[in-house]
Amino acid sequence: MVELSPLRRRMIEDMTIRNLSPATQRSYVHAVAKFSRYFSRSPDRLGLEDVRAFQVHLVSTGISWPALNQTVCALRFFYGVTLGHAEIPERIVYARLPRTLPVVLSADEVVRFLEAVPSLKTRTALTTAYAAGLRASETVGLKVGDIDSGRGVIRVEHGKGGKDRTVMLSAQLLRILRIYWRLAKPQDWLFPGRGADRPIDVQVLYSACRSARAAAGIDKRVTVHTLRHSFATHLLENGTDIRIIQVLLGHNNLSSTARYTRVSNGLIRRTTSPLDRLNVEVVPPG
């Protein structure tokens, strides 16, 4: 095992104290390490001009805007929290994100896409992501005990920002999950990885999306987040209040009043998942 430097250990401790998710911690550590390697110097010996030069370098490599801003978040945390230079973070600028319309699948495309996934476990995971509007990390992080059939909801723990929330459990999804459970017999993680002690890797879902898109003959770029966008759009098209959709998606910009609806079982159960309007095959052929 590689021994951690005191500086990296301190940064990890700072992130742990602030309850940043493991994925965010890995991302931040990776970004700061990349920054350090670029200059071949310890990051605590680098300053604002070095940060600016690094940002220029990243832009020249064609890095995506979200990835660039993730690096900015990491460096702002490193300088502001770990090094205690409170005046520096606000001077590390974010990139302005280009406004683009999200890719959305039609109902027919959702059915074709899901039925093009040959693996029972992966198809069920992607169906769950669409039916409840989940992020990829939230989908793979589900445990068997998070499915509350009695209340008709799914409990999402440690979503984006470390927040918990409750989302709908549609009748169609419950039927699919019951068939999946009888066939796959998951014990702890709803979608276990190669070892039962850990969940399926999120990259498995990403890879399945690429393969299923091609197999279904869909000419749009399809990711797990595309299913999430499609979930929200289909709810909106079916007349669901935008504020309810925000709650179901776990958006953080909710008013204090709207936060109470997050755990309202009645509100969630009255909202019909777009999956309930589709006819998706549960078990892949063969």
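The values are calculated or read from the model by the stated rules, or taken from the named source; none is laboratory data. This one's a predicted model, so the numbers in the text were calculated from it and none came from an experiment. All Cβ positions, glycine included, derive from the backbone under ideal geometry; neighbour counts span all protein chains shown. Accessible surface areas use protein heavy atoms only, side chains included; no ligands, DNA or RNA. Shrake-Rupley method; radii C 1.70, N 1.55, O 1.52, S 1.80 Å.
Quick look at the numbers
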quantity	calculated
Sequence-distant residues sharing a close amide H with M168 (under 5 Å, placed H)	I154
Percentage of interatomic Cα-Cα distances in region 117-160 larger than 18 Å	24
Overall dimensions of region 74-128 by Cα: Rg and Dmax, Å	21.2, 53
Pair V103, S40: separation of 7 Å Cα→Cβ label points (nm)	4.0
Gain upon complete extension [A23, W65; 0.36 nm per residue less C-alpha separation]	13.3 nm
Fluctuation leader among F113, F54, F231 - the chain, Gaussian network, Cα springs under 10 angstrom	F54
Spatially proximal lysines relative to K34 (Cα-Cα < 29 Å; intrachain offsets below 8 disregarded)	K160, K163
Whole-Hz ³J(HN,Hα) from phi, Karplus 6.51 cos²θ - 1.76 cosθ + 1.60, for region 194-210, glycine and proline x	5, x, 5, 8, 9, x, 4, 6, 4, 5, 5, 5, 4, 5, 5, 5, 5
Solvent exposure of region 107-268 as accessible area per residue, Å², 1.4 Å probe	47
Gyration tensor over alpha-carbon atoms, region 6-91, equivalent ellipsoid semi-axes in Å	19, 15, 12
Within a Gaussian network of the chain (alpha carbon springs, distance under 10 Å), most fluctuating of R194, R45, R135	R45
Net length gained if the chain between R9 and T223 were fully extended (0.36 nm per residue, minus Cα distance)	73.6 nm
Calculated from backbone phi, Karplus (6.51, -1.76, 1.60) coupling profile of region 60-74 in Hz, x at Gly/Pro	5, 7, x, 4, 5, 4, x, 5, 5, 6, 5, 5, 4, 4, 5
Share of carbon and sulfur in the accessible heavy-atom surface of the chain [1.4 Å probe, %]	52
Whole-angstrom Cα spans of region 27-182 along principal axes, big to small	57, 30, 26
Alpha-carbon Rg/Rh ratio, for region 107-268, with Rh computed the Kirkwood way	0.95
When the chain is reduced to its Cα atoms, the Kirkwood hydrodynamic radius in Å	20.9
Mean residue ellipticity (222 nm) of the chain, computed from DSSP H runs ≥ 4 via -39,500 (n - 2.57), nearest 500	-15000 deg cm²/dmol
